[in-house]
1. Taking the Cα-to-Cβ direction at Ala72 and at Glu232 and moving 7 Å from each Cα, how far apart do the two end points lie in nm?
2. Can you tell me the dipole magnitude for region 189-253 around its Cα centre, using point charges on the Cβ only (Lys, Arg +1; Asp, Glu -1), in Debye to the nearest 20?
3. Apply 1/(1 + (r/R0)^6) to the Cβ-Cβ distance of Arg194 and Arg93, taking R0 = 30 Å, and write down the FRET efficiency to the nearest 0.05.
4. Want the number for His223 to Cys80: 0.36 nm per residue separation, take away the alpha-carbon distance, what's left?
Amino acid sequence: MSYIQFLGAAGVVTGSKHLVNTANDESGTGGFQLLIDCGMFQGQKEWRERNWKDTPIPAHEIDAVVLSHYHADHVADLGCLQYAARIDMDLGRRKNPLKVFGHGESPGFSKLSYLEFASGEIYGRESILRIGPFSLGFSPTIHPDPCYAMRVSCGGASLVYTGDTGPTPSLADFARGTELLICETSLYDEYKGRIPGHMSAGEAGLLAREAGVGMLLATHLPHFGEHNVLLEQAGAAFGGRTDLASRNWTLEL
C-alpha cells in the first residue's frame, strides 16, 4: 500500500513537493519516503511563511528525492534538506546519505551532491529507476528549461506527475491508464497559450481524457482568480473524477 501527500503547489503555484510513501495508514509516517520535487514557496508573505512550517515527517526519514527540473519553485528547498542530512548523520539519526535524482541537461545537476551527506544521481528519458519499492520512468515535457514528467509505480498502482509542461501528445501515451494524474494547471482557459511551458485547466482535462486516467488532480495553480473555475474547466474537459490538490492532503494509491 502507498500514499501521496501534497506538501506544496497545492492551492498555489509555488513550493512544488509531493511525498510518496509506503506507510501503513494515511498518517504518512513509516515505510519508504520518496520526495518528488523540493521547491520553495515564493510570492506573498502568507506563502513564504510556509517555508518555515514543519513537514509531516522529520527530514531524516526522507529516503530519496527526485527532481523534475531546476526552477526554484521545484528545487530551492533542497539545500535545507541536504544540510539537514549532514546534521542528522552527525547525530546518528540518518544512516545513509540522502539520494537526490535529477536529469543532467542543466547546470543545476552539479548542486545535487553535498560532501558525503547527499549524493546526486542522474536519470534520462530512457531511465527506469528503482528507488526502494518504487519504479520510476521519465518523459521530457515542453518547458523553457529541460523538465521531465515521471511515472511512479508500486505494488501494481501508479501515478504520473507532469512537472511543468505545455501540452504535448507524448504525455498522453506516457500517462496511459494510470490511476492518478497529478497535472500542472497553471492557467485558466481564457489564458490558454499565454505562458509558454504551462497548461490551462482545459488542456489538463483533455490530457487526462486522452490518457484514460482514473483521477485528475490539478496542482501548480495560478495565484489569482477563483480556483473553483479551474475545477469546473478541467472537469468538463476530462469528464471523470477531478479535484484540486490541497496542502497536506493524503491520497491512497
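1. Inter-label distance under the simple model: 3.5 nm.
2. Details: 5 positive and 8 negative charges, 23 e Å.
It works out to roughly 120 debye.
3. Using R0 = 30 Å, I get an efficiency of 0.05.
4. Roughly 49.0 nm would be gained on extension.
Each reported figure results from applying straightforward, stated rules to the coordinates on display, with no laboratory input. Note that the structure is a prediction, hence the values are computed from the model and not measured. A quick note on method: Cβ atoms are made from the backbone with ideal geometry, for glycine too, and the neighbour counts reach across all protein chains shown.
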